[in-house]
1. Considering only region 135-170, how many residues are under 24 Å from G98 (Cβ atoms), in contact with a helix residue (DSSP H, G or I) (Cβ under 9 Å, 6 or more places away or on another chain) and not in a loop (DSSP other than H, G, I, E, B)?
2. Among the residues of region 376-393, are any crowded, with 21+ Cβ neighbours inside 10 Å and of a type in the set (V, I, T)?
3. Tally the residues that are away from the ligand (no atom under 16 Å from the Cβ) and not hydroxyl-bearing (S, T, Y), restricting the search to region 288-303.
4. Residues that are in the same structural domain as P150 (by TED's automatic domain parsing), at pLDDT below 95 and closer than 27 Å to F363 by Cα: does region 84-101 have at least one?
5. Exactly one condition in (1) over 30 Å from Q275 (Cα atoms); (2) of a type in the set (A, V, I, L, M, F, W, C); (3) in contact with a helix residue (DSSP H, G or I) (Cβ under 7 Å, 6 or more places away or on another chain) is not met by V233; state its number.
6. If V399 satisfies all but one of (1) more than 16 Å from the ligand (Cβ to nearest atom); (2) farther than 19 Å from S481 by Cβ; (3) touching a residue at least 12 places away in the same chain (Cβ under 8 Å), what's the number of the condition it fails?
7. Counting only residues that are in a loop (DSSP other than H, G, I, E, B) and of a type in the set (A, V, I, L, M), which one in region 1-56 is modelled with the highest pLDDT?
8. Applying the selection to region 91-113, what residues are part of a loop (DSSP other than H, G, I, E, B) and buried (at least 19 other Cβ atoms within 10 Å of the Cβ)?
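The values are calculated or read from the model by the stated rules, or taken from the named source; none is laboratory data. None of the values given here were measured: they were computed from a predicted structure. Positions of Cβ are backbone-derived with ideal geometry, glycine not excepted, and every protein chain shown enters the neighbour counts.
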Amino acid sequence: MDTVLVLDFGAQYSQLIARRVRECRVYSELIPYDTPVAEIAAREPKGIILSGGPASVYADDALSIDPALFELKVPILGICYGMQLMAHTLGGTVTRTGKSEFGKTALNVAKEVALFNDLPREQTCWMSHRDSVTAAPDGFEVTASTASSPVAVMESPEQGMFGIQCHPEVVHTPFGTDVIKNFLFGPCGCQPDWTVVSIIEESVAAIREKVGDEHVICGLSGGVDSSTAALLVYRAIGERLTCIFVDHGLLRKNEAEQVIDAFENHFHVPLIHVQAEERFLTRLAGITDPERKRKIIGEEFIRIFEEEARKLEGARFLVQGTLYSDVIESGTRDAAKIKSHHNVGGLPEDMNLDLVEPLRNIFKDEARNVAAELGLPDAMVWRQPFPGPGLAIRIIGEVTHERLEILRDADFILQEEVRRAGLYRELWQSFCVLPAIRSVGVMGDERTYAYPIIIRAVTSEDAMTADWARLPYDLLETVSSRIINEVPGVNRVALDISSKPPSTIEWE
Ligand code: XMP
């Protein structure tokens, strides 16, 4: 399988580069910028991409590159900061010209060398930079420019090195994917043979190698990620896998029964159902800080898995459906922590189980393709994501039985109406949030002082960015009136109209 490695210099959207490469059916992974060159060489990549990054090559804390990377004789594409680093390291000039470029910019292609083969001479591209390359290193040709960047693209096919100042990975660069394809299928000589079937084969082989003859447990939530991870592991090791479904009391109305039914009807994987509502709610009593909630829930999950593992011939491995987006939001060494996803940043330090996470390098839509190929029914493949910490991170402030009941009833109504309107699958997520405030209302001539419910519905491709969904007014009206009339304790409904960024999808 051809592999292209993306070195992460800390740009917000570095992972998008790897994703675009995978969309071209070439396997790609994001790795830290300072991964030792010997380790990179051992992976035998067909190509290397240097991502953008927030720094200037002249900053004191600028992330640098080992020049030995350029000796590997592997084609390299530098994007934005990656290009500047390439130019700076190989003897070109990078200057703070005072002419920054942000957003859509006209790009003039002077010559078709490799990156712009068969592409228009006049294009728009998306720029985001302050420094510019003002002189390319020896052996490079300048093949495109913009009004403020004389060296917007530089290429040296002889050395197998290419640099581009704008961002081909973002959708605002219309020919960006073509530029990436030209790099992959031109200089790198990649074959587009990374398919869903090959992901499954690779994962199954990797799982077998990792777990050997051991027994394995899988934390199953009923969502597409953990179900897909479970099926991959089942394919690899059969009955040595036991799934564990923990009902932490933070699920939606009727959810536990539905998950168990769906799993038992479709699969033959042994399933243990752990009732742990009181255990979780006791530990959450009085807790209002979102990160504390997340850590408590993450830890409690693991303690339960450890207890169950001890009962099962000492299972040593825990399968989780962790996705790449969970990893990045929880913070990596080079990316800031936004929130601790329960299955990544929320894990206790002293856990006794080794993790098996076959989906850790891929995004939700890629996981859905794998799920469909593995025969997961449509209703599970297209289930909207539901976070592991459940309703606890949709109840602002303390989680109590009473507040859970209110949120569950309101959420049930929203789900019912969204499905009735035929919008369930179009929306990435639709759910209700219960804030920690109350407001005054009037019902049947009486004053009320009760909670509002907030409706949150978003569209998204991979949860890294999201837009608030333009729900039809009629639907909003029905949901609002039903929630206020049918859910005791609620006297107002509001709509969240924020996108991500700057907001996040969940409220906590
Ligand atoms: P945010 O709120 O960070 O959410 O925009 C991005 C996506 O991740 C889901 N999410 C989680 N999923 N464990 C999970 O399994 C978690 O701790 C967690 N936190 C957020 C969220 O529902 C959205 O789809």
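1. Qualifying residue count, region 135-170: 5.
2. There is at least one residue in region 376-393 that is crowded, with 21+ Cβ neighbours inside 10 Å and of a type in the set (V, I, T).
3. Let us first name the residues in region 288-303 that are away from the ligand (no atom under 16 Å from the Cβ), namely 288, 303.
Among the residues that remain, those that are also not hydroxyl-bearing (S, T, Y) are: 303.
The number of residues fulfilling the criteria is 1.
4. no
5. (1)
6. (1)
7. So the first thing to find is which residues in region 1-56 are in a loop (DSSP other than H, G, I, E, B), and the list is 1-2, 9-13, 24-26, 33-36, 43-46, 51-56.
Going one step further and asking which of them are of a type in the set (A, V, I, L, M), we end up with 1, 11, 26, 55.
Details: M1: 81, A11: 85, V26: 95, A55: 81.
Checking each candidate, the answer is V26.
8. Of the residues in region 91-113, the ones part of a loop (DSSP other than H, G, I, E, B) are 91-92, 96-100, 110-113.
Within region 91-113, G92, V113 meet the criteria.
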